[in-house]
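Below is one structure, written out as structure tokens, with a few remarks after it.
The values are calculated or read from the model by the stated rules, or taken from the named source; none is laboratory data. Bear in mind that the values here come from a model prediction, so they are computed numbers and not experimental data. Cβ atoms come from the backbone with ideal geometry, glycine included; neighbour counts cover every protein chain shown.
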């Protein structure tokens, strides 16, 4: 197989390596392809082949593969493993990934996996699962470096050197300073370790009274925080002021994307979360049937209304010809309204409390388009049957439905308050994102505040 073929069909090579049981080449191959190809290739394997793939890798390597996969797909792989195997892999992941994956599983499956984890990791997972998903507690990581205020710069140097292997995979730019109770007292930048005397105490060089958020801070509050402050992480404290974790802006962005995906799926009639073709047939069917069942009930009601006028339809059979046209045109109009609404929500150009203004705007375009299209269809009906009254009825029906559908779609969109916040964030956060990327480019000069935290030293 050529290199071009591997790029086009990575799953074929992956299947060969899985069937051959060659774990070394398997790991090399997975490291050679990008995350999207990894997700694609694994999705083409049967569940038993996927399970064999993970068992061929060490828990650490399997965890890296899991991190490259969409959350739902990763949860499926974890679910098919034994609780012990799943626990070994989850212990290698950051705490926020662990909680996200466990949250995708059934409660019973999640409990079985947690019971197999190390006591400390298991207790941490149970505590994090108690927080609401879209709060600081649900989005934070519990891996960070913290030290006492009376420790010296030299003590930090010694700890970093002694644990260099454990910290090697992390880009630590912030250290947190706490007291005996674990209460947050300050923040120390990694650059400060270079420019201050080894004998200086941390309380002398730390940033006192640092910015922080409560553990129950909402996604909206976190979004606003990172819009206002160009930081790469914010410490999370509980009700007593104790440091319990750190929220990264990437976690907030990911939560926003999840909301957008859920809303998109809701518009598409898929209930219960994301759907992939690799999912079991019954699972996928259930996510679609919820909406389709409701839709068929609504169609039965609509058909019943038409049945009440079956004598009229029998007398003027031409009306039956125009019914699909009227229905289709009103649907197209609604789709246009949805597209415009979603774009305005994303750009922050409309808000849910502006219902009256939006209705006034849409009333005009709905009426105008309805009259134009109704006139066109009415004229066609008149020319076809030579009956002006038929044209009036058909054209009038289309005009009324066009105007009604434009307004109904707009009202429905404005009711989706939880779509608005992610949309506005995407538009307004762009400058801040650019600033952060600029800071990242200056990392070599010590300008970067970006960090990934390691395990707490407490």
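Annotations
- Among the candidates 213, 177, 247, residue that is free of Cβ contacts under 8 Å to residues at least 40 places away in the same chain, buried (at least 17 other Cβ atoms within 10 Å of the Cβ) and in the same structural domain as residue 160 (by TED's automatic domain parsing): 177
- Any hit, the range 62-76, residues being over 22 Å from the mean Cα position of the chain (by Cα) and surrounded by fewer than 18 Cβ atoms within 10 Å (Cβ to Cβ): no
- Count of the range 96-123 residues which are crowded, with 20+ Cβ neighbours inside 10 Å and either assigned to a helix (DSSP H, G or I) or not assigned by TED's automatic domain parsing to the domain that holds residue 55 (or both): 9
- Test: residue 93 is at pLDDT 85 or above, over 30 Å from residue 252 (Cβ atoms) and not in a helix (DSSP H, G or I): no
- Filtered by the rule that a residue be buried (at least 18 other Cβ atoms within 10 Å of the Cβ) and either assigned to a helix (DSSP H, G or I) or touching a strand residue (DSSP E or B) at 6+ places or on another chain (Cβ under 6 Å) (or both), the range 221-235 gives 222, 223, 225, 226, 233, 234, 235.
- Boolean, residue 57 is within 25 Å of residue 248 (Cα to Cα) and in the same structural domain as residue 39 (by TED's automatic domain parsing): no
- Every test in (1) over 19 Å from residue 193 (Cβ atoms); (2) modelled with pLDDT under 90; (3) in a helix (DSSP H, G or I) is passed by residue 133 save one, and that test is (3).
- For residue 112: the one exception among (1) more than 18 Å from residue 237 (Cβ to Cβ); (2) touching a strand residue (DSSP E or B) at 6+ places or on another chain (Cβ under 9 Å); (3) free of Cβ contacts under 8 Å to residues at least 60 places away in the same chain: (2)
- Those residues of the range 254-264 which are at pLDDT 80 or above and either in contact with a helix residue (DSSP H, G or I) (Cβ under 8 Å, 6 or more places away or on another chain) or buried (at least 21 other Cβ atoms within 10 Å of the Cβ) (or both), in sequence order: 255, 256, 257
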